[in-house]
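**Student:** Mind looking over this structure? Questions follow.
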């Protein structure tokens, strides 16, 4: 399994996959390969981002109450990130590209 050699927690990978299934239920018919990539991306982003989101929420003054329910918040964070990762990942990549440039230049574009 992926989590064992990446140091990820299996329960967060599972929560991310369930979030990916929810995200897929709202999309039109997609090819099988794209569905598999969606589930893998959702699981990995959720497993990496879930603990970070939970820690941020627990120390935040607005969401300080989440420190009282760390396990529930950890699963919810992983699920929410997994469900929204197919929107967030392209958005973040586009933002990084516009801020720092990069990517493949278009033919005839000024350098």
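**Student:** Using the per-residue mean of other Cβ atoms lying within 10 Å as a proxy for protection, in what order, highest first, do the peptides 77-84, 66-73, 38-45, 17-24 fall?
**Tutor:** 77-84, 38-45, 17-24, 66-73
**Student:** Moving to a separate point now. For a label point 7 angstrom out from the Cα of residue 6 toward its Cβ, which stretches of region 60-90 have the backbone nitrogen within less than 20 Å?
**Tutor:** Only 74-90 pass the distance filter.
**Student:** Once you place label points 7 Å from the Cα toward the Cβ at residue 94 and residue 35, how far apart are they in nm?
**Tutor:** 2.6 nm
**Student:** Here's another thing I want to ask about it. If one takes the longest principal axis of the Cα atoms in the chain, at what angle in degrees, from 0 to 90 and to the nearest 10, does the Cα axis of helix 32-59 lie?
**Tutor:** Taking Cα atoms only, the helix is inclined about 50 degrees.
Every read-out reported here was derived from the displayed coordinates using simple, explicitly stated rules and does not represent laboratory data. Source: prediction; values computed, not measured. FYI the Cβ positions are ideal-geometry reconstructions off the backbone, even for glycines, and counts take in every protein chain you see.
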